[in-house]
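Let me begin by presenting the structure, written as structure tokens, before commenting on it.
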Amino acid sequence: MRRLLMTVSLFFLTFCFMIPIALVQSLANIEAIEKVLPFLKPIIEKSSIKSVIQGFLPGLALKIFLIMLPKILMTMSKMEGFTSLSGLDRRSASKYYLFVLVNVFLGSVITGTAFQQLQQFISQPSTEFTKTVGSTIPMKATFFITYIMIDGWAGIAAEILRLSPLITFHMKNTFLVKTEQDRQNAMDPGSLEFATSEPRIQLYFMLGHVYAPVTPFLLPFIVVFFAFAYMIFRHQIINVYAQQYESGGAFWPDVHGRVVMGLIISQILLMGLLTTRGTDKSTLVLIAQPILTFWFHRYCKGRFESAFVKFPLEEAMVKDTLERAVEPNLNLRIYLQDAYVHPVFKGDDFEKPAIIDDEEGNPLIQTTRASRQDSRPESDSETGSC
């Protein structure tokens, strides 16, 4: 019942959020601003002000609207019943990708052009939706270029600068730090925000697929973003962030599904664009593309998904054999007797075997930072993974 309520809430949140975006996108041009605020006309007509309004105002306004969204989606995931960190990240990432797909991509395409020609859009039958969206996509290439520069390039620069954590640390160090433990807590770098970073990257990946055959001029901006994102996120994961958990590849099925979804959307929109150019015969040939892509997704899901969400018995047997060879006298029953007991209630006379200490302190991804002292292996009982 809770998941059903959160699904309904997500639906209304996603589509009601298009109202302010539609308002901003419709007002973010010279003619609309002069019509609503005529007293600003002398200022707006200046060439420098006009270029800022037409180039950066729509993308900046959209970025501001999305600031509070991750916290809202994370709260909704917690209300659904997910408790593990990996489960919350995966669920929030799915919500966030759906949100940016509808509001940032489809919302910007439809409300940015068709909203200005609302009467014509409403009068068309439902079968013309693909043609309408396909014809408006080339007109929004400039907006997505500025959005990639503001959200993508500037976001990568902010990631390497980390001004917000720096300011937060100095504020805590000045007013809250009293002991060495407080200082260590204030210096906590946090972890990678997978719930927002991964959907954003996949949005840019989908934009590359959509605009590659339509407006290839947008592709260099996406290539530059991915090049810098690879270098900076690699540095941050290895040298800055503290790893909170290791999911063992449980995220990949969701990532693969969203990549395939982006491919299918780009193929459908390409068919709509070609239909407006009078190439109906080629459109009929392209119908096979989304069908084959969906079949490929189903094949990969059935063939490989179990390897990411279940621990193979063969690997478990190898792990047990290695443990018996390295530590033949290891008795896990002694360790498991109070493994789930709070440390306060544990006796001081118990000493953990050396092999268990090595196993818990050996992350799969080697980093130059030590893991959090308060991090513990988590369970993912509600999803059966991690």
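Against the compact-protein benchmark of 2.2 N^0.38 Å, the Cα-based radius of gyration of segment 190-234 scales to 1.27. For the pair C300 and L286, label points projected 7 Å from Cα toward Cβ lie 2.1 nm apart. Once the convex hull of all Cα atoms in segment 205-349 is built, its volume per residue stands at 191 Å³.
Over segment 128-281, the Kirkwood radius and the radius of gyration, each from Cα atoms, give a ratio Rg/Rh of 1.12.
Across segment 171-215 the C-alpha pair distances fall into 10 Å bins from zero in the proportions 23, 23, 18, 16, 14, 6 percent.
Put simply, when 295-308, 74-87, 332-345 are sorted by average Cβ atoms within 10 angstrom per residue, most first, you get 74-87, 295-308, 332-345.
Rounded, prolate or oblate: pick one for segment 232-275, where a ≥ b ≥ c are the square roots of the eigenvalues of its C-alpha gyration tensor, a/c under 1.5 means rounded, and failing that, prolate if a/b is larger than b/c, else oblate.
Values: a/c = 7.08, a/b = 2.45, b/c = 2.89.
It is oblate, given that a/c is not under 1.5 and a/b is not larger than b/c.
Ranked by the mean number of other Cβ atoms within 10 Å of their residues, highest first, the peptides 176-186, 139-149 fall in the order 139-149, 176-186.
Taken together, the values in this text are just the output of simple stated rules run on the coordinates, not laboratory data. Quick caveat, the model's predicted, so the values are computed rather than measured. Because the Cβ atoms are built from the backbone with ideal geometry, glycine has one as well, and the counts that use them run over all protein chains shown.
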